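K.L.:
Next up is a structure, given as structure tokens.
The values are calculated or read from the model by the stated rules, or taken from the named source; none is laboratory data. Nothing here was measured: the structure is a model prediction, and the numbers come from that model. No Cβ is skipped: glycine too gets one built from the backbone with ideal geometry, and neighbour counts run over all protein chains shown.
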Amino acid sequence: MLDRRALITAALAGPPLLLAGRAGAAATLTSPCVISTWDFGVAANQAAWAVLSKGGSALDAVEAGARVPEADLNNHSVGRAGYPDRDGHVTLDASIMDADGNCGAVAGLEHIAHPISVARRVMERTPHVLLVGDGALQFALEQGFPREELLTPESRAAWREWLKTAKYRPAANSEVDTYGKGAGGAANHDTIGMLALDAKGELAGACTTSGMAWKLRGRVGDSPIIGAGLYVDGAVGAATSTGVGEEVIRNVGSFLVVELMRQGHPPEEACKAAVKRILDRKPSAKDLQVGFLALNTRGEVGAWSIQKGFSYALCDGAKQDALLPGPSFY
Ligand code: GLY
């Protein structure tokens with residue numbers, strides 16, 4: 001498990017990946033570069049970096065990176081080993097988008113360990129954007145993805161423990177609190193959102209999650225909803241979100257961040273304004289967690305969340321394992 005505090009310290013003390021950003025940008029990276037939500041974004045970034053550093057595309061990089069937490073058995077909020085819904089089904093949501101507005105997504109996908117790769121197939125091999133449930137599974141199987149059991153013994157034990165009280169109570173920052181913990185950890189939800197800028201200056205983004213733990217069967221969060229959990233515009237920048245997806249969907253959060261950047265706001269200001277929009281429209285959301293992460297075409301990075309505890313990982317040619325605490329309102 002990554003030592004979050006040590007990584008943050010290293011990032012703050014370390015050289016020069018983080019050139020001082022202009023006001024409103026938390027950092028400025030040199031392309032190619034990639035950024036991701038949460039502590040486990042460090043490992044995802046390194047997989048993406050293996051693609052970017054060889055001149056690969058941002059799209060290939062974010063897919064490769066997103067597959068890392070999808071395969072990580074210590075991560076109970078993304079992919080295999082994700083915590084199940086109320087009825088014990090692991091259902092996965094993912095989306096991917098390139099600089100030209102091409103995008104694909106799956107929601108409520110069961111039995112397929114890498115929903116991000118299915119989302120990419122939706123983008124590249126169908127005229128559609130979003131496939132859900134049984135149709136998404138049928139498509140994935142037709143595309144040759146193996147059908148697998150994604151509910152691990154550890155996740156099943158956590159679900160059984162939850163069933164004893166069956167309290168549906170989303171808690172902030174469970175992404176960090178539950179990472180690497182076994183059954184009985186305070187379970188909840190999370191997402192990895194990744195944004196990359198390649199050597200050609202092309203942007204792409206990916207977002208993948210098992211959604212909120214113990215959710216109602218059929219619940220879909222923000223991650224597979226283009227504009228909510230992920231948005232990319234090659235002329236402006238890209239944004240992604242993590243946290244309680246319902247609040248992000250209500251405010252079309254990632255699209256809002258990109259539109260604010262289009263109006264000239266640096267990424268951090270844009271993320272802050274999007275979080276403020278959520279709180280202005282629903283003050284009780286202060287008890288939840290939502291975080292936004294953004295990257296513009298100049299390599300400027302920004303993040304903001306409702307509550308403290310949100311972290312994000314940065315990677316470029318100078319440093320591949322930086323991790324920063326995101327600023328927040330509370
Ligand atoms: N942000 C992930 C979800 O709410 O499902």
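K.L.:
Look at Ala303 and say whether it is buried (at least 23 other Cβ atoms within 10 Å of the Cβ) and more than 16 Å from the chain's Cα centre (by Cα).
P.N.:
So Ala303 fails the test.
Table: residues versus (1) more than 16 Å from Gly229 (Cα to Cα); (2) out of contact with any Leu (no Cβ under 6 Å at 6 or more places or on another chain).
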residue	(1), (2)
Cys271	no, yes
Ala274	no, no
Arg277	no, yes
Lys282	yes, yes
Gln289	no, yes
Asp316	yes, no
Asp321	yes, yes
Pro327	yes, yes
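Results for (1) buried (at least 24 other Cβ atoms within 10 Å of the Cβ); (2) more than 9 Å from the ligand (Cβ to nearest atom), shown as yes or no for each residue.
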{"site": "Ala204", "(1), (2)": "yes, yes"}
{"site": "Cys207", "(1), (2)": "yes, no"}
{"site": "Ala213", "(1), (2)": "yes, yes"}
{"site": "Ile249", "(1), (2)": "no, no"}
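K.L.:
I would also like to ask the following. When only residues in segment 130-171 that are of a type in the set (Val, Ile, Thr) and farther than 17 Å from Glu70 by Cβ count, which is surrounded by the most Cβ atoms within 10 Å (Cβ to Cβ)?
P.N.:
Val132
K.L.:
Right, next: Which residue, of Leu260, Leu256, is within 16 Å of the ligand (Cβ to nearest atom), without any contact (Cβ under 8 Å) to a residue 24 or more places away in the chain and under 20 Å from Ile306 (Cα atoms)?
P.N.:
Leu256
K.L.:
Need pairs with beta-carbon distance below 6 Å; first residue on the phi < 0 side of the Ramachandran plot and assigned to a loop (DSSP other than H, G, I, E, B) and within segment 197-214, second away from the ligand (no atom under 14 Å from the Cβ) and among the hydrophobic types (A, V, I, L, M, F, W, C); sequence gap 6+ or separate chains.
P.N.:
Asp198/Leu52; Asp198/Ala58; Glu202/Ala58; Glu202/Ala99
K.L.:
A further question follows. Suppose the filter is of a type in the set (Gly, Ala, Ser), crowded, with 18+ Cβ neighbours inside 10 Å and within 16 Å of the ligand (Cβ to nearest atom); does Ala239 pass it?
P.N.:
yes
K.L.:
Please determine whether any residue of segment 216-225 is touching a Gly at 6+ places or on another chain (Cβ under 7 Å) and charged (D, E, K, R).
P.N.:
yes
K.L.:
A further question follows. Take Thr91 and tell me if it is out of contact with any Lys or Arg (no Cβ under 7 Å at 6 or more places or on another chain), within 28 Å of Ala238 (Cα to Cα), among the β-branched types (Val, Ile, Thr) and free of Cβ contacts under 8 Å to residues at least 24 places away in the same chain.
P.N.:
On the way: out of contact with any Lys or Arg (no Cβ under 7 Å at 6 or more places or on another chain): yes; within 28 Å of Ala238 (Cα to Cα): yes; among the β-branched types (Val, Ile, Thr): yes; free of Cβ contacts under 8 Å to residues at least 24 places away in the same chain: no.
No, not satisfied.
K.L.:
Output the residues belonging to segment 185-197 that are at pLDDT 95 or above and either within 9 Å of the ligand (Cβ to nearest atom) or surrounded by fewer than 24 Cβ atoms within 10 Å (Cβ to Cβ) (or both).
P.N.:
Result: Gly193, single match.
K.L.:
Determine whether segment 34-44 contains at least one residue that is among the polar types (S, T, N, Q), in contact (Cβ under 8 Å) with a residue 12 or more places away in the chain and within 23 Å of Gly302 (Cβ to Cβ).
P.N.:
yes
K.L.:
Which condition breaks for Lys286 when tested against (1) crowded, with 20+ Cβ neighbours inside 10 Å; (2) more than 25 Å from Ala322 (Cβ to Cβ)?
P.N.:
Every listed condition holds for Lys286 apart from (1).
K.L.:
Find all pairs meeting these conditions: Cβ atoms under 6 angstrom apart; at least six residues apart or on different chains; first residue within segment 229-251 and in contact (Cβ under 8 Å) with a residue 12 or more places away in the chain; second residue within 13 Å of the ligand (Cβ to nearest atom) and charged (D, E, K, R).
P.N.:
If the second residue must be within 13 Å of the ligand (Cβ to nearest atom) and charged (D, E, K, R), the pairs left are Gly229/Asp222; Ser241/Asp222; Gly245/Asp222; Val248/Asp222; Ile249/Asp222.
K.L.:
Something else about it: Here is a list: Ser77, Ser36. Which entry is surrounded by 24 or more Cβ atoms within 10 Å (Cβ to Cβ) and at pLDDT below 95?
P.N.:
On inspection, the qualifying residue turns out to be Ser77.
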